Every structure is written in C-alpha cells, then in structure tokens.
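Remarks on the structure that follows.
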Amino acid sequence: MLTLISFVVTLGILIAVHEYGHYRVAVACGIKVLKFSIGFGKPIYTWRLKNKSTEFSIGMLPLGGYVKMLDEREAPVDPAERHLAFNTQPLKARAAVVAAGPAANLLLAVLLYAIVNWSGLQEPKAVLASPVVGSLAEKAGLRGHETVEQAAFEGDEPQAVRSFEDLRWRLTQGALDGRDLTLVLGGDTAGAGKTVQLALSTLGAAEADAQLFRKIGILGPWTRPEIGDVMAGGAAEKSGLRAGDVVVRIGNTAIVDGPHLREVIRASAQASNAGAATVVPQSWHVIRAGQPLALQVTPELKTANGTMVPRIDAYVGAPAELVTVRYGFVDGLWQGAVRTWQVSVLTLRMMGKMVIGEASLKNLSGPLTIADYAGKSASMGWSSYLVFLALISVSLGVLNLLPLPVLDGGHLMYYLWEGITGRGVSDAWMDRLQRGGVAILLGMMCVALFNDVTRLLG
C-alpha cells in the first residue's frame, strides 16, 4: 500500500508542477487557458477558481497531464479573443510557455535538494571499507578504515567530503568524465594527512553500475564485521550464528570489516567436477559477548540475478557510522542548484551514450521501477523520499527537453527552425515528425517496461 500511495503522490506532484509551469507562464503571457488537467481520461473531480475561465480537473489515469489553451489550430476562435490564442503569440512567448514545464521540474528539484540540505540528512561517514582485490583503490595503497576528508579532481582545489554518499557521487562523476580523483585522508588513522590518487581516467567507464565500483574498489563505508538479524531456518541459524556475533576470522583469512566479510562469503562457492557450484563448511571464529567461539558455517546457494550466490540468510555488517550533513540557507540553496545541474548533465550523458551504443538500454527505467523506489524511499523517511522525488523531477525535466517532436523539446526545435527561417514547420512535415516521435517514445516505453519486469522478476 505504501508503494502505491508513494507512486501516486510522486506522479501527482511531478505532473502538477510540470503543467503548472506551462499554465503560469501562459497566463503571464496573456494566453487564455481553457483547461488544466492532472491525469488523463474521465475526470473524477473538476473545479473553477472564482473569476477564472480555466477548468481544473483530475483524471482517472495519473500518468500525465495537459494544459489546453485557446488555439486556432484546434478549434474556431472568436475574433474578439484571437489575441488570447496561443498560436497568435510572438515566437518568444510560445517558446517560453513550452519551456516552462521542464523548467518547473528542474526548479522543483533545486527546492527539494535545498530543503534536504537545510534540514539535514543522515548519511554514512566517509570511512572506507577494505578495497576489492586488484582494484584501483588497492593499487593506490588503500587498505580500509581510512577516513576521506577532502577530494579534488585534477586541476581543482580540494573540497570537503561530507559523507560517503558525497564521495560516491564524486567517484561516479570522475569515472564517467575520465578525470582522476585525489583523496586527502584524515581521521585518527596512521594515514592521516596522506593523499591518494585514483586513476579513474584509465577505466573508460560508459555507465555507473556495480561493476564500475568493483573496478574502483570502493563498494561501501567501513562497518564492523558483525552479524545482524538472523533469518529463521537459514544457514546462519543452522550453523549457530547469532545476532551480535563479531566475525574475526574465516579459515585462515582475517576479516577486516563488514564488506570484506560479505566478499569472503560470496567467494565460498567452489566448482564441482560436474561444473556446478557447491559450498563447503567453513571454520568461523567469532566473538560473542566478549568470548571467542569457533563454529562450522555452511553458506547456502541462492539465486540472484540469474546466478547462484552463497548466502547465510543473515544481515552481514553492523550499521555504518552516520553523520548529519546540513547546510545554511544560501549554501543549501546553492548546493541544491549544483546537484540539480550535475544530475541533469549526468542524465544527458547517459542518454547520449545509450543512443550511440556505449551504454546499455537496461539503464532505462519505467513506472514499475519508479513505483518500487518510491515505496522504498518513503519507508526510509521523508528526507530520502525528497531526494528520490528530486531525482525523478530532474529526469522528467531533462526527458521533456529532448528534441523529440511529441515532447516539449520537440516543440522548441520547431520554434528554433521558425526563428532561423522565419516560417513555421509545414503541416505535412509536422505530421511526419509527430508520427516518428510517437514511434520513438513508444519504443522507449516498451524497453523501459521490459527492464522493469526483468528487474522485478530477477
């Protein structure tokens, strides 16, 4: 139920803000707006504001919305109201009305990010877990438990790293931009004051996926190698593990932290003579209530994303140390604008790479994935939900600015042509372009829905 409610609220807010952008600028330009609708299909509720000619409505299908303006191309217009019609307005006014929808979504994202920045967000501290073997982080000399205080791209001044999520965002940017990142270590570790350079430019990254971060070697923040909640009837319970057990060694391997423990469990599968994966009992040495204890633990193979992976059916790793990331009014607003810009650029870059085949179309997400993440973020608290809402608002704004004929960006493309040539696009070409745009958009929607179903079933 939470997922459904969160999804409907998300769509309602994003659609209302987008359409209100069109509506507000249309009214400011002196255009008569006939109808403002959130959702399609049969209206379930309609109303009019006092002394206003616009009819407001909420439709049955909350998958979009529209603003219907007086327009000679759609219906006859009274000569006395011709100056109020959309099609009779100057080019810059028409372009402003069309651009206002995506702009409203981007401004909403700035505001949402700013609200989170002002109120503060609990995020994991930027303390590094043990790096993946053979990764950039390991080759750079990182061993785990280092605190990252500052980071800088080549040629830039070092900036404070406020949390692990902040660091992860910089790693993503650097990998996709092909820019090396220098980390300044701090805290009370032996490496305090040391600088480490991650050669992200050598990765040739096309998309930010799990494999990219395995190559970088920084998968998550440092956590104590502690067993959390144990599932009834699972491998952990059968082996005698209990919540609160701290794992210090498995076989001859000393366990450094929670991520390292997960890696060792994942690597416990062995290929049998028949080629199938099997797991063998492992000798675990744990600390329970201050006392050492030895246990024989046998992970069980579980299906994950189409492959068999060893699991112990218990939460692995204690919660990470958290810090509150909070900004003042001006800094919070500025950081909201910066993050909106960064996410917009990253979204455009990923779309461009998908078009030229450098990134997989699996990155496209549809309504099922959005609904899933809406519910998950809402269950984590209002701050997480606002961050999710801001991300989707940016995506909607950027998507609508793409030069596809059926989108706002397509109409802006028409107006650019009109501004250059002095004449509008002919009806014949308009019809062809609209048909092509619909075909492309339907194709994107089909791919996104296929990805949604694949993710949910996988």
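The values are calculated or read from the model by the stated rules, or taken from the named source; none is laboratory data. Predicted model, so just to flag it, every value in this text is computed and none were measured. Here Cβ is always computed from backbone atoms with ideal geometry, including for glycine, and neighbour counts include all displayed protein chains. Each accessible area value is taken on the protein alone, full model and side chains, heavy atoms only, with ligands, DNA and RNA left out. Shrake-Rupley method; radii C 1.70, N 1.55, O 1.52, S 1.80 Å.
Scan segment 288-310 residue by residue and report those that are in contact with a helix residue (DSSP H, G or I) (Cβ under 7 Å, 6 or more places away or on another chain) and either surrounded by 14 or more Cβ atoms within 10 Å (Cβ to Cβ) or farther than 19 Å from residue 269 by Cα (or both).
295, 297, 298, 299, 300, 309, 310 - these are the residues of segment 288-310 that are in contact with a helix residue (DSSP H, G or I) (Cβ under 7 Å, 6 or more places away or on another chain) and either surrounded by 14 or more Cβ atoms within 10 Å (Cβ to Cβ) or farther than 19 Å from residue 269 by Cα (or both).
Give the residue, chosen from 427, 408, that is under 22 Å from residue 98 (Cα atoms) and open to solvent by 70 Å² or more (accessible area, probe 1.4 Å).
Sole residue among the options that is under 22 Å from residue 98 (Cα atoms) and open to solvent by 70 Å² or more (accessible area, probe 1.4 Å): 427.
Look through 373, 385 and report the one residue that is of a type in the set (Phe, Trp, Tyr), farther than 18 Å from residue 22 by Cα and open to solvent by 40 Å² or more (accessible area, probe 1.4 Å).
So the residue among 373, 385 that is of a type in the set (Phe, Trp, Tyr), farther than 18 Å from residue 22 by Cα and open to solvent by 40 Å² or more (accessible area, probe 1.4 Å) is 373.
Just for segment 405-432: of the residues that are in a helix (DSSP H, G or I) and over 17 Å from residue 95 (Cβ atoms), which one is modelled with the lowest pLDDT?
Only one residue fits best here, namely 427.
For segment 92-101, indicate whether the set of residues that are without any contact (Cβ under 8 Å) to a residue 24 or more places away in the chain, surrounded by fewer than 16 Cβ atoms within 10 Å (Cβ to Cβ) and not hydrophobic (A, V, I, L, M, F, W, C) is non-empty.
Yes, the conditions are met somewhere in segment 92-101.
Could you tell me whether segment 354-364 includes any residue that is of a type in the set (A, V, I, L, M), at pLDDT 90 or above and more than 17 Å from the chain's Cα centre (by Cα)?
No, that holds for no residue.
Looking only at segment 1-40, filter to residues that are of a type in the set (Gly, Ala, Ser) and surrounded by fewer than 20 Cβ atoms within 10 Å (Cβ to Cβ); which one of those is nearest to the chain's Cα centre (by Cα)?
Checking each candidate, the answer is 12.
Any residue in segment 243-255 that is farther than 22 Å from residue 319 by Cβ and of a type outside the set (Ser, Thr, Tyr) sitting within a Cβ distance under 6 Å of a residue that is in a strand (DSSP E or B) and open to solvent by 30 Å² or more (accessible area, probe 1.4 Å)? List the pairs, counting only those 6 or more apart or interchain.
Note: pairs meeting the criteria are 249/285; 251/283.
Condition check: modelled with pLDDT under 90 and in a loop (DSSP other than H, G, I, E, B). Does residue 345 satisfy that?
No.
Could you grab me the full set of residues in segment 406-422 that are free of Cβ contacts under 8 Å to residues at least 24 places away in the same chain and more than 14 Å from residue 433 (Cα to Cα)?
416, 420, 421, 422
Can you tell me which residue within segment 133-151, out of those that are farther than 16 Å from residue 164 by Cβ and not small (Gly, Ala, Ser), is surrounded by the fewest Cβ atoms within 10 Å (Cβ to Cβ)?
The residue in question is 133.
Which ones in segment 134-150 are acidic (Asp, Glu) and not in a strand (DSSP E or B)?
Matches in segment 134-150: 138, 146.
Please identify the pairs in which a residue from segment 433-444 that is open to solvent by less than 40 Å² (accessible area, probe 1.4 Å) has its Cβ atom under 9 Å from the Cβ atom of a residue that is of a type outside the set (A, V, I, L, M, F, W, C), counting only partners at least 6 apart or on another chain.
436/405; 437/405; 437/410
Are any residues in segment 241-262 open to solvent by 40 Å² or more (accessible area, probe 1.4 Å) and among the hydrophobic types (A, V, I, L, M, F, W, C), and if so, which ones?
243, 248, 254, 256
Scan segment 47-63 residue by residue and report those that are touching a residue at least 12 places away in the same chain (Cβ under 8 Å) and not small (Gly, Ala, Ser).
54, 55, 56, 58, 60, 61, 62, 63
Output the residues belonging to segment 46-69 that are open to solvent by 30 Å² or more (accessible area, probe 1.4 Å) and outside any strand (DSSP E or B).
Answer for segment 46-69, where residues must be open to solvent by 30 Å² or more (accessible area, probe 1.4 Å) and outside any strand (DSSP E or B): 49, 50, 51, 52, 53.
Scan (1) modelled with pLDDT under 90; (2) over 16 Å from residue 128 (Cβ atoms); (3) in contact with a strand residue (DSSP E or B) (Cβ under 6 Å, 6 or more places away or on another chain) for the single condition residue 178 breaks and write down its number.
(3)
Could you please tell me which pairs satisfy a Cβ distance under 6 Å, a separation of 6+ or placement on different chains, a first residue in segment 346-359 that is among the β-branched types (Val, Ile, Thr), and a second residue that is part of a helix (DSSP H, G or I) and open to solvent by less than 30 Å² (accessible area, probe 1.4 Å)?
347/398
When you go through (1) closer than 30 Å to residue 137 by Cβ; (2) open to solvent by 50 Å² or more (accessible area, probe 1.4 Å); (3) not aromatic (Phe, Trp, Tyr) one by one for residue 238, which number turns out not to apply?
Tallying (1) closer than 30 Å to residue 137 by Cβ; (2) open to solvent by 50 Å² or more (accessible area, probe 1.4 Å); (3) not aromatic (Phe, Trp, Tyr), residue 238 fails exactly one: (1).
Is it true that some residue in segment 70-88 is open to solvent by less than 30 Å² (accessible area, probe 1.4 Å) and either closer than 30 Å to residue 372 by Cβ or under 31 Å from the mean Cα position of the chain (by Cα) (or both)?
There is no residue in segment 70-88 that is open to solvent by less than 30 Å² (accessible area, probe 1.4 Å) and either closer than 30 Å to residue 372 by Cβ or under 31 Å from the mean Cα position of the chain (by Cα) (or both).
Report yes if residue 399 is part of a helix (DSSP H, G or I) and surrounded by 15 or more Cβ atoms within 10 Å (Cβ to Cβ), otherwise no.
Spelling it out, residue 399 is indeed part of a helix (DSSP H, G or I) and surrounded by 15 or more Cβ atoms within 10 Å (Cβ to Cβ).
Out of the residues in segment 265-287 that are within 36 Å of the chain's Cα centre (by Cα) and open to solvent by less than 30 Å² (accessible area, probe 1.4 Å), which is modelled with the lowest pLDDT?
268
List every residue pair whose Cβ atoms sit under 6 Å apart, with the two residues 6 or more apart in sequence or on different chains, where the first one lies in segment 10-37 and is in contact (Cβ under 8 Å) with a residue 24 or more places away in the chain and the second, anywhere, is among the hydroxyl-bearing types (Ser, Thr, Tyr).
Every condition considered, the pairs that remain are 14/393; 33/23; 33/54; 36/23; 36/54; 37/57; 37/66.
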